[in-house]
1. In nm, to one decimal, how far is the residue 467 label point from the residue 388 one, both placed 7 Å along Cα→Cβ?
2. Extension gain residue 235-residue 309, at 0.36 nm per residue separation less the Cα-Cα distance, in nm?
3. Protein chains only, probe 1.4 Å: how do 171, 604, 472 rank by accessible area, largest first?
4. As an exercise, use a Förster radius of 51 Å and the Cβ-Cβ distance of residue 266 and residue 549 to find the FRET efficiency, rounded to the nearest 0.05.
5. Tell me the Kirkwood radius of segment 5-282: reciprocal of the mean inverse pair distance over distinct alpha-carbon atoms, in Å.
6. Ignoring ligands, DNA and RNA, what accessible area per residue does segment 218-299 give at 1.4 Å, in Å²?
7. With all protein chains present, how much of the accessible area of the chain (probe radius 1.4 Å) comes from carbon and sulfur, to the nearest whole percent?
8. With the radius of gyration and the Kirkwood radius both derived from the Cα set of the chain, what is their ratio Rg to Rh?
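The values are calculated or read from the model by the stated rules, or taken from the named source; none is laboratory data. Everything numeric in this text was worked out from a predicted model, so none of it was measured. Cβ sites come from the backbone with ideal geometry, for glycine too, and all protein chains shown count toward neighbours. Side chains are part of the model used for accessible areas, which takes the heavy atoms of the whole protein and leaves out ligands, DNA and RNA. Shrake-Rupley method; radii C 1.70, N 1.55, O 1.52, S 1.80 Å.
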Amino acid sequence: MPTALRIEGPDDGLAVLVFDAPDSKVNVIGAELVGELAAAIDELERRTDIAGLVLASGKPRNFIAGADLDAIERVTDPAEVQAAVTLVQGLYERWESLPYPTFAAIEGACLGGGTEWALASRYILVADRPELRIGLPEIRLGILPGWGGCTRLPRRIGLAAALDLVLAGKSVNPYKAFKIGLADALMPPASFRHHVRDFARQAMAGKPPVKGRATGARGVLLEKNPLGRKIVFDQAGKQVLASTGGNYPAPLRALEVVRAGLAGGRAAGLAAEARGLSELAVSRESKSLVHVYRLAEGAAKGKASRPLRRAAVLGAGVMGGGIAQLLAAKASVPVRLKDLAPEPLAQGMAHANELFRQQVRRRWITAPQARQKMNLLRPTLDYGGFAAVDLVVEAIVERLDVKQQVFAELSGIVPATAILASNTSSLSIAAIGKDAKHPERVVGMHFFNPVDKMPLVEVVVGPLTAEDVVESIVALCRALGKTPVVVKDGPGFLVNRLLMFSMAEALTLLEEGVSIAALDATMKRWGMPMGPVTLTDEVGLDVASHVADILGAAFGDRLQVPRWLGRMVEDGRLGAKVGRGFYRYAGGQRLDPDPAVYALLGLSPGDETPDPLEVSYRLVTPMLNEAARCLAEGVVADAADLDLAMIMGTGFPPFRGGLCRWADDEGIGSVRARMEDLADRVGPRFAPAQAFVDVVAAGGFYARHPRAKARGTGA
Ligand code: NAI
């Protein structure tokens, strides 16, 4: 049977342990590997001909991807986890105690258990490739680094820097790894192995070419005394609570584990890791986060993007500027950026330039690379160059007549094979492409604002859109680093449709006398990235009102938006973008809710805190009814895609696993009972829709709408 580990050499005393998992693109540490590692360490401890050992990967782009996720997903017994964790900890301890220096030679992605193995090595040497990542992402899966990561990292790079990585599940590039003292040396990727050998030889001769680690260089005094450490821990604890609202148990537990390791010594640290990890791995939060990770992973896989040679973007506004920048940055193709006047073009170019400068500041790219990318952007006031583009993304004013005219115009200029994509947020793709020469090449590419930060793109399929066009756009989204979800053309597509039902209910709660502050605070505590009233301000009240009109026309009484929303718009309260909405703003910062709003709307909110359970059910269950309808209508292919879209598009709390998954986990029958109760007490709009009743009868969303086999058009 082929094995994953082999020992090469030694050559002049220097041996190499190569990790190269057979039949896999990445190296993963699972039960089998652990068995092999135990045998390898037995041998490495016995050998007398080895004076230095390099740990290397046989994969060109992957060092070690971490622990086997399937195992984490399956496990339900804490005792089983604890035993497995203790076993690996023991092996890493033996690795650390080998009687000669060890060198982790990292040429590709190094995550989780891979980083922990590296940490147990005497030296960490890294290829200086900007895209390479080293980190401990465990927290993102609701667990903690349990193979020595929580215990060894603070000793290597200092407490504050270690907490910064561990608690946020961060990964860093080689430059940052070196700067914080995680890596001992950065080496040119072209001659990496040669440099590793040189380094190793010098270290074996007792002259390691390191100037001394950055460990604790900053703040070392603070961290060395117990009081100083207490300050660092207290600050980190406060930060965790502020950013997670206490909804994620893993970072708090990790904090405790790191503390135990520093206070009680290494053995105590490792024992605390094993206990912490065993309890977290079986928690509902971890299962949900692993589920979400799987969803995102599924969306990232698929056919590669077809070659895109030249692109164009129409409209250099908020969205167009961002989309053009993204195309230049990630697809590396020339992009024509067209607008009607020089001013918006200049603004769009300045916006793109600023995004590239940010990347340079973060050392994601170099300054010459940024200039090269920036040169790909060609601002224009006419259609010059459009005759040779493969793709046009339209992001002009949201008016059907204007878009229709532009699409008809474009069809006469671009090649017959070009794809015409619209970034419309509310108009029908079929209607936009009505007068295009090739309506089958018209598709929606609905980015969210801001383009550089929001991961979701709804790929909107019209009744005439060709399958290969959908596939190309899905692949392009992936190449742009976005998460595509295919949805059917229709009012609000998927995300805005669901969101509007929740937003309407939030406004109704305000009408009933719940205060803006209480409502927002309640939903933030529930796990949403911002409360529904803040969100309405962010979206813009004009935009929200426009979408409400469109959905109101489509769904009639089913969607009940309080009429006074229009009054807010008439009063010039368009939200954050104008510095006036439900909230007050100063210098671009949101302050507190504006009491004048209550007067304007004739509302008088009470002081009492609303029941959080009642509020959350009132805001979430309207989305469930609509989700069931969207699935039944084929707006989205399956429950997994729906959950992914809501997490990536609205920040639906990942620890709840997604909208459908949350309902399934709560118990679909009990959710139904609550909806019936709300229908009796609050209003008939909460009555379970037939589509939802069908979901209940099937035993849940995932049972009724499992992964669609062909992940094609979604329609
Ligand atoms: P914006 O008003 O910032 O920019 C639109 C730009 O298009 C302006 O610079 C305008 O001069 C230009 N323009 C108008 N007609 C044109 C034409 N015929 N040819 C070339 N340029 C033309 O608008 P924004 O916010 O960027 O929205 C653009 C599109 O993206 C709309 O369809 C909107 O619904 C959609 N969208 C907007 C989101 C947002 O949050 N702002 C989110 C998702 C989609």
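1. Going from the residue 467 label point to the residue 388 one covers 3.3 nm.
2. Numbers: separation 74, 0.36 × 74 = 26.64 nm, distance 4.96 nm.
Taking residue 235 through residue 309 to full extension adds about 21.7 nm, to one decimal.
3. Numbers: 171 50, 604 100, 472 20 Å².
Result of the area sort, largest leading: 604, 171, 472.
4. 0.20
5. Hydrodynamic radius (Kirkwood, Cα only) of segment 5-282 equals 18.9 Å.
6. 48 Å²
7. Working: 16270 of 29920 Å².
Exposed carbon and sulfur together represent 54 percent of the surface.
8. That ratio equals 0.99.
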